[in-house]
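Working notes, beginning with the structure itself.
The values are calculated or read from the model by the stated rules, or taken from the named source; none is laboratory data. From a predicted model like this one, the values you see are computed outputs, not experimental measurements. Every residue, glycine among them, receives a Cβ derived from its backbone with ideal geometry; neighbour counts consider all protein chains shown.
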Amino acid sequence: MIYIENKKKKIENIKKKYPCAEIIDLTSTSDSVFVRFSPFYPTGDIPIPFSAPETGDSVEGIWQGLKVFQNKGTDFSKFKIQNMKGIKRSIRVNGPIIGHQKGMFSNDILDYLPARESIFITSYYWVLDNKLQDLLTVLINKSKEKDLVFLDYNVNEDVLSLKKPLSHAALVKKYIETTSNLYSAPVQGSLDF
């Protein structure tokens, strides 16, 4: 099984809860190669949804760059940030969020759920498909041998729940569960029974 836990929890408590699991930090503060799963990580050349042929360096940069506030429009400079710093844009500075612009060349504003699905998730899955297959193979192989606990700052696994930010670790979990065969039921009449 794959579990999601908040990185802010004490590691000792996570180890007690999952004594046989491997704990893997997928956040931007990870000190392992798995930092590449962070939406802040500058994987580069990510197609900006509804904006071909334009690209951004990080999923979070694309998400934040297309965000539209009451007092401030888009900020395309976020697309090219490579040091994972200064990407977030806050409501304290910019006012309430109106939505996300539907790409760089449109004036259409997407509500939060359609934006989450067509901008954030689309961009993140593009990165998984095109930039992280090597590390996904490592995680898939690990998940076949033992339980895994992915650390993330957000633990919301429900794409449709807008009360909390979506966990990118949950997207990795779902990707692994739907693209790999973690469990195969034995075939009746076979020796695998």
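Values for this structure:
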{"quantity": "Qualifying residue in region 15-29 (condition: touching a Ser or Thr at 6+ places or on another chain (Cβ under 7 Å), surrounded by 14 or more Cβ atoms within 10 Å (Cβ to Cβ) and farther than 28 Å from residue 141 by Cα)", "calculated": "no"}
{"quantity": "Residue satisfying all of: in region 123-147; within 15 Å of the chain's Cα centre (by Cα) and part of a loop (DSSP other than H, G, I, E, B); farthest from residue 34 (Cα to Cα) among these", "calculated": "131"}
{"quantity": "Condition broken by residue 93, with the remaining ones in (1) part of a helix (DSSP H, G or I); (2) touching a strand residue (DSSP E or B) at 6+ places or on another chain (Cβ under 9 Å); (3) surrounded by 18 or more Cβ atoms within 10 Å (Cβ to Cβ) satisfied", "calculated": "(3)"}
{"quantity": "Residue under evaluation residue 120, criteria (1) more than 15 Å from the chain's Cα centre (by Cα); (2) closer than 16 Å to residue 165 by Cβ, criterion not met", "calculated": "(1)"}
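Okay, residues lined up against (1) surrounded by 19 or more Cβ atoms within 10 Å (Cβ to Cβ); (2) assigned to a helix (DSSP H, G or I); (3) assigned by TED's automatic domain parsing to the domain that holds residue 126:
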residue: 31; (1), (2), (3): no, no, no
residue: 51; (1), (2), (3): yes, no, yes
residue: 60; (1), (2), (3): yes, yes, yes
residue: 64; (1), (2), (3): yes, yes, yes
residue: 73; (1), (2), (3): no, no, yes
residue: 78; (1), (2), (3): yes, yes, yes
residue: 82; (1), (2), (3): no, no, yes
residue: 85; (1), (2), (3): no, no, yes
residue: 88; (1), (2), (3): no, no, yes
